[in-house]
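Take a look at the structure below.
The values are calculated or read from the model by the stated rules, or taken from the named source; none is laboratory data. Because the structure is a prediction, the values reported are computed rather than measured. Using ideal geometry, Cβ is built from the backbone for each residue, glycine included, and neighbour counts are taken over all protein chains shown. Side chains are part of the model used for accessible areas, which takes the heavy atoms of the whole protein and leaves out ligands, DNA and RNA. Shrake-Rupley method; radii C 1.70, N 1.55, O 1.52, S 1.80 Å.
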Amino acid sequence: MGDHPALADLQLIAPELATNALVHGAGAWVRMTLRPTDERERRYWRLTVVDPGLSTCVPLPHMPGPDESRGRGLWIVDALTCGCWGTDRTQAGERVVWALLPRD
């Protein structure tokens, strides 16, 4: 992937999603994957972060106050992916947060 245009965005998104999973997921581990995928006739990199799913909170961007130093990460993810991110659960109940970035 070396000098691929999506690399800089992935370098921002990956630690944000992993940190959110560790802080808000209430588990002791996260699993991250990056895979090429084709969806809706387009080619993407699919970044997936999985945590044990112990938290009942659904990851959503919220508007932080002017004095808050945290809380902007999912806004960054949303902007860099043009809204192509979301959350699911595995059959085992783990929380999955995914983001798509163009491969072309």
Worksheet item: Failed condition for Arg72, given (1) of a type outside the set (A, V, I, L, M, F, W, C); (2) without any contact (Cβ under 8 Å) to a residue 24 or more places away in the chain; (3) surrounded by fewer than 14 Cβ atoms within 10 Å (Cβ to Cβ), with all others met?
Response: (3)
Worksheet item: Just one of Leu74, Leu22, Leu12 is modelled with pLDDT of 90 or more and touching a Pro at 6+ places or on another chain (Cβ under 7 Å); which is it?
Response: Leu74
Worksheet, complete the sentence: Of the conditions (1) within 30 Å of Asp104 (Cβ to Cβ); (2) open to solvent by 80 Å² or more (accessible area, probe 1.4 Å); (3) under 13 Å from the mean Cα position of the chain (by Cα), the single one that Leu22 does not satisfy is (1)
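Taking the range 1-13 as the search range and keeping residues that are of a type in the set (Gly, Ala, Ser) and either surrounded by fewer than 16 Cβ atoms within 10 Å (Cβ to Cβ) or farther than 18 Å from Leu80 by Cα (or both), which one is nearest to the chain's Cα centre (by Cα)?
Residue satisfying both the conditions and the ranking: Ala8.
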Item to complete: Test Trp29 against the stated conditions and say whether it is under 14 Å from the mean Cα position of the chain (by Cα) and open to solvent by 40 Å² or more (accessible area, probe 1.4 Å).
Response: no
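Return yes when Asp88 is in contact with a Lys or Arg (Cβ under 9 Å, 6 or more places away or on another chain), over 22 Å from Leu7 (Cα atoms) and surrounded by fewer than 13 Cβ atoms within 10 Å (Cβ to Cβ) and no when it is not.
Considered against the rule, which asks whether it is in contact with a Lys or Arg (Cβ under 9 Å, 6 or more places away or on another chain), over 22 Å from Leu7 (Cα atoms) and surrounded by fewer than 13 Cβ atoms within 10 Å (Cβ to Cβ), Asp88 comes out as yes.
Can you pull out the residues in the range 91-104 that are of a type in the set (Asp, Glu) and open to solvent by 50 Å² or more (accessible area, probe 1.4 Å)?
Asp104
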Practice prompt. Using the structure shown, decide if Asp104 is of a type in the set (Asp, Glu) and without any contact (Cβ under 8 Å) to a residue 40 or more places away in the chain.
Written response: no
Fill in: Qualifying residues in the range 32-58 (those that are of a type in the set (Asp, Glu) and open to solvent by 80 Å² or more (accessible area, probe 1.4 Å)) - the one nearest to Asp88 (Cα to Cα)
Asp38
